[in-house]
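Colleague: Before I ask anything, let me first share the structure, which is written out below as structure tokens.
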Amino acid sequence: MTQLSKTLHKEMNIQIQEEVFSAYLYYAMSAWFETNGLLGFAKWMRVQAMEELTHGQRFYVHILERENVVELLEIHKPDSKWESPLAAAKAAYEHEKHITARIHKLMGIARKDSDFTAEIGILNWFVNEQIEEEQNTGNMAQQLDMIGDSKSGLYQLDKEMGMRAFVVDPTLKW
């Protein structure tokens, strides 16, 4: 199989860093929610962290399958405190918009390189996945905004968020 271009290879290594940082961020949010007695939100964020690690795995495997070297880059410490559940949800939403922009950048490079394997084999999946990621975090922020200062509303939404389960994608290569 043809190797990735130098630019796409570099950017996919950066994307692994971005995905693992995303997991760190969601673990930090989970810890903050748990510390603040919102166990449902904490679980939702832990599941999200696990999902982000699988996203990094997709890039990891793709780089290796293309006979390139995976270079693991430094992971920076995420924020660990938020003013409110709404502030944390808004931060998650903004982060997902950042990740969407990164995926679009990768897609642009793949198209410029005429790298159909990268475009179809991995990046199309991520373009669609980011729609879901932004929708989920955006909906969370919107619902928290609607609840306002209602403790009973927050309690009910926390219970709902705790229903999320991690599902292993059977197509993911380990």
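We did not get these values from a lab; they are worked out from the coordinates using the rules stated. Quick caveat: nothing in here was measured; it's all calculated off a predicted structure. Cβ atoms come from the backbone with ideal geometry, glycine included; neighbour counts cover every protein chain shown.
Colleague: Filter the stretch 83-128 for residues that are acidic (Asp, Glu) and under 30 Å from GLY40 (Cβ atoms); which is surrounded by the fewest Cβ atoms within 10 Å (Cβ to Cβ)?
Modeller: Checking each candidate, the answer is GLU83.
Colleague: Among the residues of the stretch 25-46, are any out of contact with any Gly (no Cβ under 8 Å at 6 or more places or on another chain), surrounded by 15 or more Cβ atoms within 10 Å (Cβ to Cβ), on the phi < 0 side of the Ramachandran plot and among the charged types (D, E, K, R)?
Modeller: yes
Colleague: Against the definition (among the small types (Gly, Ala, Ser), free of Cβ contacts under 8 Å to residues at least 24 places away in the same chain and assigned to a helix (DSSP H, G or I)), how does ALA101 come out, yes or no?
Modeller: Working: among the small types (Gly, Ala, Ser): yes; free of Cβ contacts under 8 Å to residues at least 24 places away in the same chain: yes; assigned to a helix (DSSP H, G or I): yes.
Spelling it out, ALA101 is indeed among the small types (Gly, Ala, Ser), free of Cβ contacts under 8 Å to residues at least 24 places away in the same chain and assigned to a helix (DSSP H, G or I).
Colleague: Across the stretch 132-168, which residue is farthest from GLU83 (Cα to Cα) among those that are within 21 Å of the chain's Cα centre (by Cα) and surrounded by fewer than 12 Cβ atoms within 10 Å (Cβ to Cβ)?
Modeller: Residue satisfying both the conditions and the ranking: VAL168.
Colleague: Further question on the same structure: From (1) free of Cβ contacts under 8 Å to residues at least 60 places away in the same chain; (2) more than 27 Å from ILE109 (Cα to Cα), pick out the condition that doesn't hold for GLN130.
Modeller: Looking at each condition in turn, GLN130 falls short on (2).
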